Amino acid sequence: MDTLALVCVVIGFIILLFYGIQLIIIAFRESTAWGLMYLFVPLANLYYVITRWEKCKSPFLKSLLALPFIFLGFYLITTSIAGPGYEMIETLP
């Protein structure tokens with residue numbers, strides 16, 4: 001189960017990395033200033049994607065495909081850490 005969880009998380013991060021790099025390339029193709037702002041200015045990447053939606057739509061939406069893999073991987077990791085003998089504490093003394 002741990003291996004499956006790790007594989008899911010790694011696949012998710014590879015997808016995010018691949019499409020994130022594509023978005024960075026799109027920003028640098030417009031101008032060097034936009035590329036640097038995309039990388040180093042907080043929320044500039046979000047502004048760039050929103051204002052240039054037609055160029056950024058495909059890689060951005062494809063990067064969202066990574067989320068189910070990452071969530072599933074972290075869910076499997078947390079359930080495997082808990083183990084079968086894990087019991088919830090229902091009340092505090």
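Bear in mind these aren't lab numbers, they're just calculated from the coordinates by the rules spelled out. Being a predicted model, the structure only gives us computed values, none of them experimental. In this analysis, Cβ positions are derived from the backbone assuming ideal geometry, glycine residues included, and neighbour counts consider all displayed protein chains.
Lys/Arg Cβ at +1, Asp/Glu Cβ at -1, dipole of the chain taken about the Cα centre: which of 74, 8, 47 is farthest positive-ward?
47
Net charge within 11 Å of residue 56 by Cβ-Cβ distance, Lys/Arg positive one each and Asp/Glu negative one each, not counting residue 56 itself? Display every interim value, and only then the final one.
Numbers: positive: 52, 55, 57, 62; negative: 30, 54.
After counting each charged neighbour, the total is +2.
Which entry in (i) 13.2, 42; (ii) 13.3, 44; (iii) 18.7, 61 matches Rg and Dmax of the Cα atoms in Å derived from the coordinates of this structure?
(iii)
At 0.36 nm per residue, and after removing the present C-alpha to C-alpha distance, how many nm does the segment from residue 65 to residue 40 gain when stretched out fully?
On the way: separation 25, 0.36 × 25 = 9.00 nm, distance 2.47 nm.
Length gained between residue 65 and residue 40: 6.5 nm.
Separation between the residue 54 and residue 81 pseudo-spin-labels, each 7 Å from Cα along Cα→Cβ, expressed in nm?
That separation, rounded to one decimal, is 4.6 nm.
Calculate how steeply helix 2-30 sits against the longest principal axis of the alpha-carbon atoms of the chain, using the helix alpha-carbon long axis, and give the answer as 0 to 90 degrees to the nearest 10.
The answer is roughly 10 degrees.
Which angle from 0 to 90°, rounded to the nearest 10, does the C-alpha axis of helix 53-63 make with the longest principal axis of the chain?
That helix lies at roughly 20 degrees to the long axis.
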